[in-house]
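Encoded as structure tokens, the structure appears first; notes follow it.
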Amino acid sequence: MVIPVYAEIAHNPGAWVDRHTVLVVEDNDTSRKLACTLLELRGFDTLAAGSVEDAVALAVEHLPALILMDIQLPDQDGVTALARLRADSRTTSIPVVALTAYAMAGDRERLLAKGFDAYLSKPIDVHTFVDGLADLIAAGQ
């Protein structure tokens, strides 16, 4: 069985993107590994963090092209992490995408109003996930 994402890459070399780094902030190991794998298959470099403290440290050190931020994290929430990133001149302009299981009416608008650049609900759609993030990175260049 060929997974569609792999098939797309195998049959469409143009599907590869320029090397950019995405920081994936997700405390669930399986979800974090899936997001990183999907990104890496499309040519992205990835960094991974399971907590806000690790995420902020990695963001400051590596200045990724984009941060994919889970909202429910064990040490602090993703909204608090976003505020910390926006308060630091080194990371203030990095696009941050909210990744959350919150999918109720108004959740998207609430998170965008908090300053997130985009919103993705879980579970992620493996067919559109990477393209959406690539579009955000391209728009920021």
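The values are calculated or read from the model by the stated rules, or taken from the named source; none is laboratory data. None of the values given here were measured: they were computed from a predicted structure. All Cβ positions, glycine included, derive from the backbone under ideal geometry; neighbour counts span all protein chains shown.
Data overview
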{"read-out": "Filter pass, residue 47 being over 25 Å from residue 109 (Cβ atoms), in a strand (DSSP E or B) and either modelled with pLDDT of 90 or more or out of contact with any helix residue (DSSP H, G or I) (no Cβ under 6 Å at 6 or more places or on another chain) (or both)", "value": "yes"}
{"read-out": "Residues being within 23 Å of residue 128 (Cα to Cα) and of a type in the set (Asp, Glu) - total across region 25-70", "value": "6"}
{"read-out": "When residues of region 45-70 are limited to those that are touching a Leu at 6+ places or on another chain (Cβ under 7 Å) and of a type in the set (Val, Ile, Thr), the one nearest to residue 116 (Cα to Cα)", "value": "67"}
{"read-out": "Positions within region 78-108 being free of Cβ contacts under 8 Å to residues at least 24 places away in the same chain and touching a strand residue (DSSP E or B) at 6+ places or on another chain (Cβ under 9 Å), in sequence order", "value": "103, 107, 108"}
